[in-house]
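> If you scroll down you'll find the structure; I have some questions about it.
The values are calculated or read from the model by the stated rules, or taken from the named source; none is laboratory data. These figures come from a predicted structure and were not determined experimentally. Using ideal geometry, Cβ is built from the backbone for each residue, glycine included, and neighbour counts are taken over all protein chains shown. Heavy atoms of the whole protein, side chains included, go into the accessibility calculation; ligands, DNA and RNA do not. Shrake-Rupley method; radii C 1.70, N 1.55, O 1.52, S 1.80 Å.
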Amino acid sequence: MRDQFPDFRLGNVLATSFTATLTERHGNPVERIPTPQRLVDWLAVNGLAVDSCTTAQLELARKLRESIHAAATAAAIQDALPASAIQVINDCSIQGRAAAILTPEGNRQWRLGADSCVEDALSVIAADAISIIAGERDGKLALCASPTCQAAFFDTSQSRTRKWCDMNTCGNRQKKARFKANHRKNGTAARTGEI
């Protein structure tokens, strides 16, 4: 049954990867966590394994996702952060139980306890969102240049000029569209002798 769901878009930044569980927000939206079990799957893939999820917890997760998206979008365009989004992010951040641990490679990793629940995992995602929105990490929030996507993403490229949330999807889609448009234009010009 899980094979019928769209693949997860995984990135290097937990909070913006979480907002990517709803893509094509300005086109035909694609919901990547349509069921509680699918949220459990996404959390496990991102190192935040929990045993189960209720419908109410899924709704809370989606509320957090949309709040992070709204706040990250505002930050990317240097607009005022929405108060309601800030409240949801802060509420989720303080209600969880998770510990930051140091890996042998010197990286921070989050660890949930054996009896952790969805709220504990959401607190980690909210804390990650706070970190990037507050500008504590090296990078910049930006919006995808795809008119149907416009997802907020965290640009850590050296020049901070990345255009696409994901080169393999939005970037390729836009490049293909440009190629086809140029091909049609050049093909029309060749047929009419305008070259």
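> What helices does the chain hold that run 20 Å or longer along their axis, going by alpha-carbon atoms, with a Kyte-Doolittle average of -0.5 or more, using DSSP H for the helix calls? Walk me through the numbers before you get to the answer.
On the way: long enough: 55-76 (31 Å, 0.07); 118-133 (22 Å, 1.58); 172-191 (28 Å, -2.10).
Once both thresholds are applied, what remains is 55-76, 118-133.
> Here's another thing I want to ask about it. Let me check against my output: what whole-number percent is the relative contact order of segment 86-148, with C-alpha pairs under 8 Å and at least 6 apart? If you can, show how the numbers build up before the last one.
Numbers: 59 pairs, mean separation 20.3, N = 63.
Reported as a whole number, the value is 32 percent.
> Taking Lys175 as the anchor, which aspartates and glutamates have their alpha carbon closer than 14 Å to its alpha carbon, excluding any fewer than eight residues away along the same chain?
Asp166
> Now for a different question. Full-extension gain between Gln158 and Ile94, please, as 0.36 nm times their residue separation minus the C-alpha to C-alpha distance.
Numbers: separation 64, 0.36 × 64 = 23.04 nm, distance 3.31 nm.
Between Gln158 and Ile94, full extension yields an extra 19.7 nm.
> So in the chain, which Cys have no other cysteine's beta-carbon sitting under 4.7 angstrom from theirs?
Cys53, Cys92, Cys117, Cys170
> Can you give me the % of accessible surface on the chain that is carbon or sulfur? Probe 1.4 Å, all protein chains present, nothing else counted. Provide the component values of the computation, followed by the final result.
Numbers: 5600 of 11090 Å².
Accessible surface attributable to carbon and sulfur in the chain totals 51 percent.
> Once phi is turned into ³J(HN,Hα) by the Karplus curve 6.51 cos²θ - 1.76 cosθ + 1.60 with θ = phi - 60°, what whole-Hz value does each residue of segment 12-21 show in order, with x for glycine and proline?
8, 10, 4, 4, 6, 5, 5, 5, 7, 7
> How high is the relative contact order of the chain? Use alpha-carbon pairs under 8 Å, at least six apart in sequence, and give a whole percent.
Over the chain, the number comes to 20 percent.
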